[in-house]
1. Is it true that ARG400 is in contact (Cβ under 8 Å) with a residue 12 or more places away in the chain and of a type in the set (D, E, K, R)?
2. Let me confirm something: among ALA201, ALA216, ALA240, which residue is more than 30 Å from VAL343 (Cα to Cα) and either over 29 Å from the mean Cα position of the chain (by Cα) or among the hydrophobic types (A, V, I, L, M, F, W, C) (or both)?
3. Residues of segment 215-261 being in a loop (DSSP other than H, G, I, E, B), modelled with pLDDT of 90 or more, surrounded by fewer than 19 Cβ atoms within 10 Å (Cβ to Cβ) and within 16 Å of ligand 1 (Cβ to nearest atom), which ones?
4. Look through ILE351, ILE321 and report the one residue that is over 30 Å from CYS432 (Cβ atoms), of a type in the set (Val, Ile, Thr) and crowded, with 18+ Cβ neighbours inside 10 Å.
5. So, GLU484, is that one surrounded by fewer than 20 Cβ atoms within 10 Å (Cβ to Cβ) and more than 30 Å from ASN246 (Cβ to Cβ) or not?
6. Run down GLY500, GLY519 and say which single residue is touching a residue at least 12 places away in the same chain (Cβ under 8 Å), in contact with a Leu (Cβ under 8 Å, 6 or more places away or on another chain) and part of a loop (DSSP other than H, G, I, E, B).
7. I'm checking my understanding of the structure. Among residues of segment 413-463 that are of a type in the set (Phe, Trp, Tyr) and not assigned by TED's automatic domain parsing to the domain that holds GLY498, which one is nearest to SER513 (Cα to Cα)?
8. Answer yes or no as to whether ARG298 is buried (at least 17 other Cβ atoms within 10 Å of the Cβ), part of a strand (DSSP E or B) and charged (D, E, K, R).
Amino acid sequence: MNTLLNYGGLPPIGVCQPERLRHGGLRGAGANYPHRMAPSSENPATLDDALKHFFGYDSFRPLQREIAQSALAGDDVLALLPTGGGKSLCYQLPALLRPGLTLVISPLIALMKDQVDALLANGIPATFLNSSIDGAASAERTQGLDRGEYRLLYAAPERIVLPGFLARLERWNVRHIAVDEAHCVSEWGHDFRPEYRRIAALRERLPDVPIMAVTATATDRVRDDIERFLALRSPRRFVAGFNRPNLRYSVFEKRDAFKQLLAWASARANESGIVYVASRQSAEDLAMRLSAAGISARPYHAGLSPQQRARHQDAFIRDEIRVICATIAFGMGIDKPNVRYVVHYDVPKNIEGYYQETGRAGRDGLPSDCALFFSGGDAAKQRHFIKQIEDAAERDRADRLLRTMLDFAATPHCRRSFLLKYFGESDVPDACGNCDNCLQPPERIDATVAAAKLLSCVYRVRAHSGFSTGAHHIVDVLLGHATEKVAGWGHDRVSTFGVGTEHTKDEWMALVSELLRVGCLEQETEHRTLLLTGEGMRALKEQRRFEFARPRVVRKPGKSRKNAARDADSVADASYDVELFEALRRLRKRLADEQGVPPYVIFSDATLRELCVAKPLTLNAFRAVSGVGDVKLERYGDVFVDAIRTHATTL
Ligand code: ADP
Ligand code: ZN
């Protein structure tokens, strides 16, 4: 009998094939491992051992251990962890260390399947019940639950009200309830789901079963709602910080935006990325242009049919395409851990959205990039939309939020520190060492004289002609280019004609962007003509000082792939064997396709990277790698070790 898998006096778990595991899977030092594990939840060594055995991880992420311990102690728990904080493990691990069934309430049908697939890949008997499965499959699962074959059951909240479901839960020996994405219970959250209010019925029916609520959304109001509507009983609260240390934040000047995006994506040709845009049309355009340039990409927005959306999302999750070009419709429900970059092609409306969207990068903990392509013109456009909001309070709010977003884009200081302070964190260090400004302090340029020239040129051109012109025309005047238009309109006779030859066209355009951002200029939406604002007029009169950070641009990738990564300021370090990585990635994809699961379910990118460094040639060495639990060792150890050996001998 395998003691490890026989916790709480349950029959051994069939799916795990404990006999094979014991005799075939574990060799050498690992062979006596199950006996070292004491069946006590107080003993922290137990949790560590279980973490390695079931999930293959060597250490807990912040608060995971404490949360799991509380759950095992029978407390109600409210856990607020950032995206990628590893929330699932907080209830999955206790589910394996106590008898009975853990019920997981989850809002998204697509996610349930992925989560269950990931558990099954680790040999953990889990299943889900929702409207996507047919009657026969559902009956089969119900019988399995009757026989006590599963440790975790995922269900949508709608199911709670189905006739007979509560009675079944009693029969199935539910011993713990986990509510994923618990903020869905609150109208103050961004994904309110009225069905979530039904969860309280579980509490009435199963009064002795502890509840764990987990979410990444953590405002006070949402937190209060969760406790109230889920009827939590003096819950233990765990709040992890907002910091995502593996994410690198950078802001680039949006100039030749598509070229920059292409340079960016080409430098990361094999990596998955999300490009957020402001409109459905741009999502379509970008996806098409990227694909035409050899970077496989698909659009995702609310204008596509649910089938198309599901198809594109699926292709992305299965690593069949590299890039998703999406509006903010794309988000919750993306559990793909190996998103290596998130590019904001247009400026987001507020910091909350920006933080949420960038948060989808790097869930697996590997270094990942968040790049914001910023233009003052975009900012002006947004400001223009905000002005049309009728409700004054609403308008002010939107304006305030946008302003903070623009401050983030313009700050010469640490971006991470900006974000963390915004979210009200205390003891935030001044520098993080992993954002563009910390890595390479921005060059400050005194733009006082140039700004005065530019603002007065806008003023004089209008005074001369009685109409306004676009930015390019103004710059032509400053540079003294007597183009057809300039000469035709007599702008070669205004006093600012040719006074700006000390700067290049690009520099002038960057300054236009800055002056739009600070509100000294505005851009009329239809013809994009530049207007001097009241603020700009005052700045001109006061001879205001202007100092800006020199804008950064994405550089073109170099010839070799390794250099390419560096040229484009990538965080991807080349300290691992890139070719082996690609070989293992192909092997992973093949296995994933055979089993009909997303590649990350087999092994995460983090595990593949570690394999490329450690290059284990024995099963024992293979087991030491993070992400290799005992069932995966048994299932995949031989093929991966073979692949690593083959690679070593063909070098
Ligand atoms: P969240 O729901 O909080 O965004 P997940 O539960 O999806 O996070 O976990 C994110 C990723 O991190 C998953 O790929 C998961 O397997 C991995 N992970 C979770 N806990 C650990 C850990 N202790 N060590 C290494 N990886 C972990
Ligand atoms: Zn920083």
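The values are calculated or read from the model by the stated rules, or taken from the named source; none is laboratory data. It should be emphasised that the depicted structure is a prediction, and the values quoted were computed from it without experimental measurement. Cβ placement follows ideal geometry from the backbone for every residue including glycine, while neighbour counts extend to all protein chains displayed.
1. It is false that ARG400 is in contact (Cβ under 8 Å) with a residue 12 or more places away in the chain and of a type in the set (D, E, K, R).
2. Numbers: ALA216 fails: more than 30 Å from VAL343 (Cα to Cα); ALA240 fails: more than 30 Å from VAL343 (Cα to Cα).
None of the others qualify; the one that does is ALA201.
3. Correct list: ASN243, PRO245, ASN246.
4. Every option except ILE321 fails the conditions.
5. Against the criterion (surrounded by fewer than 20 Cβ atoms within 10 Å (Cβ to Cβ) and more than 30 Å from ASN246 (Cβ to Cβ)), GLU484 qualifies.
6. GLY500
7. So the residue we want is PHE418.
8. Yes: the conditions hold for ARG298.
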